[in-house]
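Participant: What follows is a structure written as structure tokens; I'll ask about it next.
The values are calculated or read from the model by the stated rules, or taken from the named source; none is laboratory data. These numbers were taken from a predicted model, which means no experiment stands behind them. Note that we place each Cβ from the backbone using ideal geometry, even for glycine, and neighbour counts take in every protein chain shown. These area figures cover heavy atoms from the full protein model, side chains too; ligands, DNA and RNA do not enter into them. Shrake-Rupley method; radii C 1.70, N 1.55, O 1.52, S 1.80 Å.
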Amino acid sequence: MPTLKTDTGVPYPMGASVNSQGVNFAVFSRHAKSVTLEFYQNAGDAQPYATVALDPELNKTGDIWHVQVHGLKPECLYLYRVVGPFAPTEGMRFNGSLRVFDPYAKAFSEGSVFKAFAAGKRDKPDMSLFPKCVVIDDYSFDWQGDHPLKRKLCDTIIYETHLKGFTMSPTSGVDAPGTYAGFIEKIPYLKKLGITAVEFMPVQEFDENENGNINPRTGKKLSNYWGYSTIGFFAPKQSYAADRTPGGCVNEFRRMVRELHKAGIEVILDVVYNHTAEGNEHGYTFEFRGLENSVYYILDKAHKEYYCNFSGCGNSFNANHPVARQFIVESLRYWVLQMHVDGFRFDLASEFSRGEQGEVLQNPPLPALISEDPCLHDTKIIAEPWDAAGVYQAGCYPGGRWSEWNDRFRDDMRKFFRGDEHMTTAAATRYAGSSDMFRRRGPSASVNYITAHDGFTLNDLVSYSYKHNEENGEGNRDGSDQNYSYNNGFEGPTTNPLVERTRLRQIKNFISCMMLSQGVPMLLAGDEFRRTQRGNNNAYCQDSDMSWIDWKLLKENGELFRFTKMMIRLRKDHPVFRRMQFFTGGTRNDSMPDIMWYDSNGKIPDWEHLGRFISFRLSGRLTGRGDCPLDNDFYCAVNMDMHDITLVLPPVRESKRWVRVVDTSVDSPDDFRGPDDEEILASQSRYVLLSGSVVVLMSKTFE
């Protein structure tokens with residue numbers, strides 16, 4: 001075994017850092033007795049070709065073990081072996097017989113943690129299958145002058161997607177399906193659709209082999225397809241890269257970000273800092289628990305051998321311990337500074353409100369730190385404002401400038417459009433930006449969505465009244481039973497033209513609802529052309545055509561794609577739908593309030609008896625943005641009753657006339673009349689709005 005030339009190295013930066021002499025390594029472990037670096041020639045090697053033992057007298061500063069190894073190059077492979085006390089009742093689980101990852105590793109080689117452990121014993125994995133950490137040179141990529149787009153939240157339209165599933169289907173037509181490179185090939189499509197930001201489901205390194213369930217229909221092993229179980233918080237997922245060379249995923253990810261930015265599209269990452277893949281006390285040791293278990297995890301106060309589980313996934317990351325808190329912020333900084341991402345959506349972010357004993361803190365430090373960190377201050381930060389153990393903070397997430405997934409928008413709008421009684425007031429509040437929840441932060445604090453990865457697709461929301469998760473191998477017990485969906489008369493696919501027409505109209509209604517509401521709209525990928533998961537509302541384990549986007553549907557449902565594209569354009573063209581401030585009902589030097597609500601007779605509504613109808617008028621002269629040009633006035637009405645309604649329209653301003661822009665009851669292409677093609681209403685005082693439809697009128701001057 002060769003001897004490598006070393007010297008003491010430095011304790012910062014953490015992880016593996018390339019310099020002119022070689023590579024500096026730094027890792028945190030407070031109670032370790034010894035730390036050894038192991039180097040591997042190839043990903044499939046079971047044994048290292050060289051080792052470096054760190055001397056605690058020379059190679060340790062405080063709790064940081066560090067060493068400079070001369071002559072090493074980028075792309076070299078390494079792991080740690082850490083010896084320390086194994087005392088679970090005291091919260092320590094060191095195991096010197098196991099190799100552990102560098103938590104700051106910026107890439108991993110091919111391999112699978114869970115295959116490695118399955119092939120061997122719990123304390124003796126098959127190291128030929130075990131991934132290795134890869135040394136990355138952070139300054140070898142040509143960004144070609146790329147810089148953050150810094151788009152305002154009020155101008156943002158988010159498109160949530162699974163990176164692999166977006167192009168994995170053979171119908172995608174890309175050369176590198178399921179990869180960062182394949183996603184680049186679809187950028188022209190995204191630009192045509194008009195969205196402004198892509199929100200990727202987890203792309204930080206995870207192991208899809210973690211799931212051991214079997215699909216009862218096919219007999220095939222299921223996977224951790226969604227990836228909400230992170231292994232490498234600095235590393236893009238290696239198997240999502242067409243370039244399979246060590247570290248090739250890093251520059252391929254960077255190319256994707258660079259090309260998205262060239263198209264004017266921002267990149268938001270869905271990140272999972274609330275737990276890790278190591279599981280509970282019956283789980284595996286391959287990272288944090290082998291370095292400093294009692295620091296990185298929240299342990300049961302009375303019985304430290306057990307893990308608190310506020311994530312529902314076995315453990316909870318100790319996010320408000322200073323060391324763990326620093327780790328999270330440094331990870332976020334890396335993705336912003338070195339990978340050029342524009343923002344983050346934080347899974348189960350209410351765990352960040354828990355202290356080191358799991359208690360809910362009044363002023364938790366981590367949310368405030370992320371909000372105020374100087375390097376992150378231009379990034380978008382979006383919370384999923386709850387955890388899996390009862391903390392629910394929708395509308396009151398701590399820490400300052402956070403936006404939030406608004407599940408009340410989702411549920412209230414689903415129930416209103418389904419025709420539930422007594423939902424009109426709630427729907428009006430959601431249309432207006434949810435001021436009941438976000439009054440102190442403004443409408444952009446609300447991320448408005450009808451569907452997301454977790455739940456039905458938009459097509460399935462109007463096609464299934466019940467979940468159909470049998471193929472998940474959990475007896476259809478998983479997934480939410482509260483979907484507020486309606487199949488419109490038949491469960492699942494049908495050739496009945498009346499049912500299909502009703503479903504299509506309802507999908508258009510939902511899309512119009514997102515684009516007309518104040519706040520930040522989020523569209524689920526494929527909803528714009530009726531992607532289906534066959535009624536599965538929890539497809540976390542389905543790495544198959546059930547979850548992959550079927551691009552044939554784009555051609556089959558071109559009418560819906562056009563409608564969605566035009567609704568996005570309407571929102572982008574008119575700042576009246578993108579206010580930075582809430583409506584006041586005041587006039588502010590105008591003869592008309594910024595918003596006015598009406599009943600079907602054009603009168604002030606009796607909110608207690610409004611039924612399933614809602615309408616409002618927006619003043620284009622009062623957009624809440626002092627530096628923006630004047631806009632048109634708009635009148636929007638929704639009829640979810642069983643009967644058609646003859647509306648009494650509010651009068652237009654002098655010299656203007658009402659023109660119809662949208663009517664979801666009308667067949668395409670007349671369902672949406674584009675710019676300079678709007679229909680001038682024959683009657684400026686009456687409009688017949690059919691049952692189950694949405695209409696949008698715009699005031700326009702004609703010479």
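Participant: Within region 399-416, take every residue that is in contact with a helix residue (DSSP H, G or I) (Cβ under 6 Å, 6 or more places away or on another chain) and surrounded by fewer than 19 Cβ atoms within 10 Å (Cβ to Cβ) and give me the one that is modelled with the lowest pLDDT.
Facilitator: The selected residue is GLY400.
Participant: Quick one: which strands (runs of 3 or more DSSP E) lie wholly within region 591-703 and hold at least 3 residues that are open to solvent by less than 20 Å² (accessible area, probe 1.4 Å)?
Facilitator: Here the list reads 613-618, 634-639, 656-663, 693-701.
Participant: Now for a different question. In region 383-398, what residues are part of a strand (DSSP E or B) and surrounded by fewer than 15 Cβ atoms within 10 Å (Cβ to Cβ)?
Facilitator: Across region 383-398, the qualifying residue is only TYR392.
Participant: I need the full set of residues from region 1-23 which are in contact with a Phe, Trp or Tyr (Cβ under 9 Å, 6 or more places away or on another chain) and crowded, with 16+ Cβ neighbours inside 10 Å, in order please.
Facilitator: The answer is LEU4, GLY9, PRO11, MET14, GLY15, ALA16, SER17, VAL18, VAL23.
Participant: Moving to a separate point now. In region 260-288, what residues are outside any loop (DSSP other than H, G, I, E, B), buried (at least 18 other Cβ atoms within 10 Å of the Cβ) and not aliphatic (A, V, I, L, M)?
Facilitator: HIS261, GLU266, ASP270
Participant: Among the listed residues LEU348, LEU369, LEU332, LEU337, identify the single one that is open to solvent by 40 Å² or more (accessible area, probe 1.4 Å) and closer than 18 Å to GLY400 by Cα.
Facilitator: LEU369
Participant: So the check is Cβ under 7 Å with 6+ separation or different chains; which pairs have a first residue in region 407-419 that's within 17 Å of ILE511 (Cβ to Cβ) and a second one that's in a helix (DSSP H, G or I) and aromatic (Phe, Trp, Tyr)?
Facilitator: Listed by first residue and then by second, the contacts come to PHE417/PHE510.
Participant: Scan (1) open to solvent by 60 Å² or more (accessible area, probe 1.4 Å); (2) more than 28 Å from ASN293 (Cβ to Cβ) for the single condition LEU72 breaks and write down its number.
Facilitator: Answer for LEU72: the failing condition is (1).
Participant: What pairs can you find where one residue is in region 279-293 and farther than 14 Å from ASN309 by Cβ, the other is open to solvent by 10 Å² or more (accessible area, probe 1.4 Å) and among the acidic types (Asp, Glu), and their Cβ atoms are less than 9 Å apart, with a gap of 6+ or different chains?
Facilitator: THR285/ASP123; GLU292/ASP63
Participant: Scanning for something in a loop (DSSP other than H, G, I, E, B), crowded, with 17+ Cβ neighbours inside 10 Å and over 20 Å from the mean Cα position of the chain (by Cα), does region 492-504 turn up at least one residue?
Facilitator: no
Participant: Let me ask something else about it. Which of the residues that make up region 534-565 are over 30 Å from ARG673 (Cβ atoms) and either touching a His at 6+ places or on another chain (Cβ under 9 Å) or assigned to a helix (DSSP H, G or I) (or both)?
Facilitator: ARG534, GLY535, ASN536, ASN537, ALA539, TYR540, SER547, TRP548
Participant: Output the number of residues of region 417-464 satisfying the condition of being in contact with a Ser or Thr (Cβ under 6 Å, 6 or more places away or on another chain), small (Gly, Ala, Ser) and more than 26 Å from TYR635 (Cβ to Cβ).
Facilitator: Within region 417-464, residues that are in contact with a Ser or Thr (Cβ under 6 Å, 6 or more places away or on another chain), small (Gly, Ala, Ser) and more than 26 Å from TYR635 (Cβ to Cβ) number 1.
Participant: If you don't mind, another one. Kindly establish whether LEU77 is among the aliphatic types (A, V, I, L, M), within 24 Å of THR245 (Cα to Cα), in contact with a Leu (Cβ under 8 Å, 6 or more places away or on another chain) and in contact (Cβ under 8 Å) with a residue 24 or more places away in the chain.
Facilitator: Against the criterion (among the aliphatic types (A, V, I, L, M), within 24 Å of THR245 (Cα to Cα), in contact with a Leu (Cβ under 8 Å, 6 or more places away or on another chain) and in contact (Cβ under 8 Å) with a residue 24 or more places away in the chain), LEU77 does not qualify.
Participant: Condition first: among the acidic types (Asp, Glu) and buried (at least 24 other Cβ atoms within 10 Å of the Cβ). Now tell me which residues in region 351-360 satisfy that.
Facilitator: GLU351
Participant: Also: For region 563-582, what are the residues that are open to solvent by 20 Å² or more (accessible area, probe 1.4 Å) and either over 25 Å from the mean Cα position of the chain (by Cα) or within 21 Å of ARG621 (Cα to Cα) (or both)?
Facilitator: Within region 563-582, ARG569, LYS572, ASP573, HIS574, ARG578, MET580, GLN581, PHE582 qualify.
Participant: For SER668, all conditions in the list (1) over 27 Å from MET423 (Cα atoms); (2) over 39 Å from the mean Cα position of the chain (by Cα); (3) of a type in the set (S, T, N, Q) hold save one; what is the number of the exception?
Facilitator: Exception for SER668: condition (2).
Participant: Is it true that ILE507 is farther than 19 Å from SER693 by Cβ and modelled with pLDDT of 95 or more?
Facilitator: The answer is no for ILE507.
Participant: Does LYS380 satisfy being of a type in the set (D, E, K, R), open to solvent by 20 Å² or more (accessible area, probe 1.4 Å) and touching a residue at least 40 places away in the same chain (Cβ under 8 Å)?
Facilitator: It is false that LYS380 is of a type in the set (D, E, K, R), open to solvent by 20 Å² or more (accessible area, probe 1.4 Å) and touching a residue at least 40 places away in the same chain (Cβ under 8 Å).
Participant: Looking at region 109-123, is at least one residue open to solvent by less than 50 Å² (accessible area, probe 1.4 Å) and under 24 Å from ASN19 (Cβ atoms)?
Facilitator: yes
Participant: Across region 85-101, what is the number of residues that are closer than 24 Å to TYR49 by Cα, open to solvent by 20 Å² or more (accessible area, probe 1.4 Å) and not charged (D, E, K, R)?
Facilitator: 3
Participant: Of (1) in contact with a helix residue (DSSP H, G or I) (Cβ under 6 Å, 6 or more places away or on another chain); (2) open to solvent by 20 Å² or more (accessible area, probe 1.4 Å), PHE234 satisfies all except one. Which?
Facilitator: Every listed condition holds for PHE234 apart from (2).
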